[in-house]
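Notes follow once the structure below has been shown.
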Amino acid sequence: MAQKYYYYDEDSCSFQPIEYKSVDKVIFTASLLIIFGLVLAGIGITGLSFVAGTPSEIALKAENRELLSQLHKTKNRIEFFDRQLSTIAQTDNEIYRTILGIDPIDYDERKAGTGGVDLYAKFDIYKDETSSLLKWTEENVASLERRINIQQLSFDEIKTIYNENKSKLAHIPATKPVKGVILSGFGMRFHPVHRFNRMHEGLDFRAKIGDPVYATGDGVIKFSAAKGTYGNLIIVNHSFGYESRFAHLSGFAKGIRPGKKIKRGELIGYSGDTGVVEGPHLHYEIYQNGKPVDPLNFLFADISPEEYNMFRKISSENPNSMD
């Protein structure tokens, strides 16, 4: 039964029951439900704010997650640039500075490290992951800036030496003799015909019979004829102690004979499979002061660092030669 409420009537000196109209009952009940709902909603929002935060806090957390994600992506890019710069430094030391007779820059010196107090302690106020990423990023960006400055100074020095030695550099064999990639490198290799390991004193380039072969530096034709296992051979005297050799040719370009002066990039012959070989290709050698040297270290005028690394990888991993 519904609970009844009473009021005291002073005129009759008695308690009289309170009578509610139907509309009043509906309004009263609805008001109670609304008040109860608002109280529950307030409690729920308060509890949720403790767990998930206010709308502004939720937005800030989402922004922080995105910033942290971008920091990780930046870290990956910095690592990529670091590898690229290391490749440039290696090329600078092993090719450019070596060819020009300049002392290489020590790799520890290239790092240009700093010591002493913690330069990035200002990031310690953040969470461990964020602090670590911010420190790593700023430290490595600063390191890249220092290394780039050192590399720029090195290139300036190389440019100066180059300008002072243009005649010599024009004669040094410094380009690829054919368009093909390297098949085999300099060093001990397994001979495909003789079937034993022997010193391979040059590079084997992929080439079909009749592909054009170009001079790799200015010079004078010293030899152009058949010669033993080399097959048809061209020897170019570049002066300054350098010679280049092009073996297994199918033929010589018009006018190529001993005594003819040639320029870098000039057509001198055609690749082939003459002599003792496994198949068509170009065998290319460089002699410095009468001794064979690795031609890969001289391909600095027309290949990128990526191509150089690819050629170096092929040269080091292939145990066989083509001749």
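The values are calculated or read from the model by the stated rules, or taken from the named source; none is laboratory data. Given the structure is predicted, the values throughout are model-derived calculations rather than measurements. Cβ placement follows ideal geometry from the backbone for every residue including glycine, while neighbour counts extend to all protein chains displayed.
Would it be correct to say that LYS75 is at pLDDT 75 or above, farther than 30 Å from PHE300 by Cα, surrounded by 10 or more Cβ atoms within 10 Å (Cβ to Cβ) and among the basic types (Lys, Arg)? Yes, satisfied. If you go through the stretch 215-263 and keep only what is surrounded by fewer than 16 Cβ atoms within 10 Å (Cβ to Cβ), among the aliphatic types (A, V, I, L, M) and within 19 Å of HIS171 (Cβ to Cβ), you end up with just VAL220. Being assigned to a loop (DSSP other than H, G, I, E, B) and either at pLDDT 85 or above or under 30 Å from THR91 (Cα atoms) (or both) is the filter here, so list the residues in the stretch 110-151 that pass it. Of everything in the stretch 110-151, those that are assigned to a loop (DSSP other than H, G, I, E, B) and either at pLDDT 85 or above or under 30 Å from THR91 (Cα atoms) (or both) turn out to be ALA112, GLY113, THR114, GLY115.
Among the residues of the stretch 91-109, what is the count of those that are polar (S, T, N, Q), over 22 Å from the mean Cα position of the chain (by Cα) and surrounded by 17 or more Cβ atoms within 10 Å (Cβ to Cβ)?
The first filter runs over the stretch 91-109 and keeps only residues polar (S, T, N, Q), leaving 91, 93, 98.
When the remaining residues are screened for being over 22 Å from the mean Cα position of the chain (by Cα), the result is 98.
Cutting the leftovers down to surrounded by 17 or more Cβ atoms within 10 Å (Cβ to Cβ) gives us none.
Residues meeting the conditions: 0.
VAL181 falls short on exactly one of the conditions (1) more than 17 Å from ASP302 (Cβ to Cβ); (2) surrounded by fewer than 20 Cβ atoms within 10 Å (Cβ to Cβ); (3) aliphatic (A, V, I, L, M), and that condition is (1). For the stretch 276-323, the set of residues classified as of a type outside the set (Asp, Glu), in a strand (DSSP E or B) and under 17 Å from ILE172 (Cβ atoms) consists of TYR284, ILE286, TYR287, GLN288, LYS291, PRO292, VAL293, listed by residue number. Being within 15 Å of GLU278 (Cβ to Cβ) and not basic (Lys, Arg) holds for only one residue in ALA225, ALA247, ALA253, and it is ALA247. Restricting VAL51, VAL26 to those that are surrounded by 11 or more Cβ atoms within 10 Å (Cβ to Cβ) and at pLDDT below 75 reduces the list to VAL26.
Looking only at residues in the stretch 282-307 that are of a type in the set (Gly, Ala, Ser) and within 22 Å of the chain's Cα centre (by Cα), the one that is surrounded by the fewest Cβ atoms within 10 Å (Cβ to Cβ) is SER304.
Would you call ASN309 out of contact with any strand residue (DSSP E or B) (no Cβ under 6 Å at 6 or more places or on another chain), assigned by TED's automatic domain parsing to the domain that holds SER250 and without any contact (Cβ under 8 Å) to a residue 60 or more places away in the chain?
Working: out of contact with any strand residue (DSSP E or B) (no Cβ under 6 Å at 6 or more places or on another chain): yes; assigned by TED's automatic domain parsing to the domain that holds SER250: yes; without any contact (Cβ under 8 Å) to a residue 60 or more places away in the chain: no.
In short, no.
Does LYS263 meet the test of being touching a strand residue (DSSP E or B) at 6+ places or on another chain (Cβ under 7 Å), farther than 13 Å from VAL178 by Cα and basic (Lys, Arg)? Against the criterion (touching a strand residue (DSSP E or B) at 6+ places or on another chain (Cβ under 7 Å), farther than 13 Å from VAL178 by Cα and basic (Lys, Arg)), LYS263 does not qualify.
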